[in-house]
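A.B. asks: First the structure, then my questions, so here it is.
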């Protein structure tokens with residue numbers, strides 16, 4: 001069977017088995033479309049059924065999470081952990097607590113994580129998990145009880161050399177602390193490396209909070225530099241206002257960019273004089289309020305309901321850092337018409353397939369999520385290393401390692417794109433670079 005027909009048949013099988021999981025199907029299609037040239041040169045991957053195996057999780061765990069709110073009412077949520085591929089190391093990937101979480105979203109995230117983790121050059125496999133629990137509006141005590149219930153099931157399936165969860169949307173330092181405390185109690189020992197994103201007092205790493213946002217900007221800066229460009233004096237729009245968006249803003253500003261807009265799920269703020277990041281941090285990290293509060297501090301700024309309209313703002317560089325599929329084809333056309341020169345994906349799969357294709361067709365510098373936002377998981381792996389060695393690196397040491405990793409990811413993705421006749425197409429380059437490492441490991445380990 002030739003490569004195109006093989007890929008087509010694999011995708012048809014994936015659709016048949018997962019027909020009600022659109023996010024997962026989208027992620028699989030985007031990767032498989034990139035692999036045809038690799039499979040043409042390496043028929044041994046077809047013979048060994050590598051792609052057939054890589055699209056099927058090694059293990060999927062779905063469980064009930066009962067918890068009691070402050071008024072004594074019982075609630076039940078659904079928990080997930082998808083352990084997708086362990087060919088190059090223990091499963092590694094975040095936990096997402098958000099009402100939108102379902103099997104499709106967890107599988108898409110876990111599938112992407114295989115290649116993202118491979119691109120870091122570190123020995124970590126792909127996994128993901130979470131729950132449809134919504135932390136917003138909950139007290140600390142309610143969140144603690146939920147996390148303890150969640151970990152009472154999850155602890156059976158994870159460990160420092162088995163599966164190492166971290167944070168994601170809705171899971172920050174508070175949640176990781178509660179999860180770790182329950183794990184430690186249930187296991188009866190101190191396995192610091194079982195979770196990453198921990199507090200600095202109990203095994204966490206400096207620069208972890210900043211890592212995904214910083215890493216995104218390091219990657220995009222390298223992409224720009226390759227074309228004789230930089231962030232200096234560029235106008236930037238960033239969606240989101242969580243960790244990724246905040247620290248992407250911080251690093252972009254430090255490189256001379258003017259960030260003019262940020263958002264949350266309700267709407268966005270536009271500040272033509274440049275976003276005042278201290279205000280955003282106060283609102284989001286300290287007060288935990290909506291971004292609309294920004295205009296109370298800066299009367300010249302504008303607040304607009306509806307977060308998707310943020311892409312109507314004219315900018316040189318767009319950094320989508322909120323959630324999946326936030327840039328559709330219409331938003332992509334608007335960005336291109338307004339003169340955008342580069343798009344860097346800080347969130348997981350924030351551009352639809354149609355939007356991605358449009359950017360590439362119009363020669364926009366496009367940094368795909370699995371490469372551009374790998375800084376978070378890379379620094380999580382650095383946290384695992386520090387836990388294993390019982391030591392802590394300085395912020396500067398971790399940041400330099402992070403920057404080196406992101407520069408190398410860009411170089412590897414760019415080189416593979418060129419090698420496989422898709423110059424400057426970092427979507428293809430990242431997919432191929434991430435895939436080959438995992439495929440070769442799977443070949444070496446037999447049919448398992």
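Taken together, the values in this text are just the output of simple stated rules run on the coordinates, not laboratory data. This structure is a prediction, so every number in the text was calculated from the model and none was measured. Virtual Cβ from ideal backbone geometry, glycine too; neighbours counted across all protein chains shown.
A.B. asks: For the chain, with a Gaussian network of springs between Cα atoms less than 10 Å apart, report the residue from 229, 195, 353 with the top mean-square fluctuation.
C.D. replies: 229
A.B. asks: Under a 10 Å cutoff between Cα atoms, tell me which one of 266, 408, 348 has the largest fluctuation in the Gaussian network model of the chain.
C.D. replies: Fluctuation is largest for 266.
A.B. asks: Another question, if that's okay. Considering only C-alpha atoms, what is the centroid distance from the range 203-240 to the range 354-380, in Å?
C.D. replies: Going from one Cα centre to the other spans 12 Å.
A.B. asks: Need one number: % antiparallel among DSSP beta bridges in the chain, to the nearest 5.
C.D. replies: Working: 25 of 47 bridges.
Bridges in the chain are about 55 percent antiparallel.
A.B. asks: A further question follows. Only bridges with both residues in the range 209-372 count here: give the DSSP antiparallel percent, nearest 5.
C.D. replies: Details: 7 of 20 bridges.
Antiparallel: roughly 35 percent of the beta bridges in the range 209-372.
A.B. asks: What shape does the range 209-372 have by the C-alpha gyration tensor, where a ≥ b ≥ c are the square roots of the eigenvalues, rounded means a/c under 1.5, and otherwise prolate means a/b greater than b/c and oblate the rest?
C.D. replies: prolate
A.B. asks: Could you list log10 I(q)/I(0) for the chain at q = 0.12, 0.13 Å⁻¹, which the Debye formula gives when each Cα is one point scatterer?
C.D. replies: For the chain, the Cα-only Debye profile gives -1.00, -1.19.
A.B. asks: OK, next. Taking square-rooted eigenvalues a ≥ b ≥ c of the alpha carbon gyration tensor, is the range 69-123 rounded, prolate or oblate, where a/c under 1.5 means rounded and, failing that, a/b exceeding b/c means prolate?
C.D. replies: prolate
A.B. asks: Please label the shape of the range 279-385 as rounded, prolate or oblate, based on the square roots a ≥ b ≥ c of the eigenvalues of the alpha-carbon gyration tensor (a/c under 1.5 means rounded; beyond that, a/b larger than b/c means prolate, else oblate). Intermediate results must be reported in sequence, preceding the final value.
C.D. replies: Values: a/c = 2.32, a/b = 1.11, b/c = 2.10.
Taking the square roots of the gyration eigenvalues as a ≥ b ≥ c, the range 279-385 is oblate.
A.B. asks: Same structure, new question: Between 130, 267, 346, where does the largest GNM mean-square fluctuation fall for the chain, given springs only between Cα atoms within less than 10 Å?
C.D. replies: Comparing 130, 267, 346 in a Gaussian network model of the chain, the most mobile one is 267.
A.B. asks: For Cα pairs less than 8 Å apart in space and 6+ apart in sequence, what is the mean separation divided by the residue count of the range 3-54, i.e. the relative contact order in percent?
C.D. replies: That works out to 49 percent.
A.B. asks: Could you rank the peptides 54-63, 375-384, 205-214 by their average count of other C-beta atoms within 10 Å per residue, with the highest value first?
C.D. replies: The densest-packed peptide leads the list: 375-384, 205-214, 54-63.
A.B. asks: Let me ask something additional. Per DSSP H run of at least 4 residues, take -39500 (n - 2.57); add these up for the chain, divide by its residues and hand me the 222 nm value, nearest 500 deg cm²/dmol.
C.D. replies: Values: 17 runs with 213 residues, N = 448.
Here the helix-only value at 222 nm equals -15000 deg cm²/dmol.
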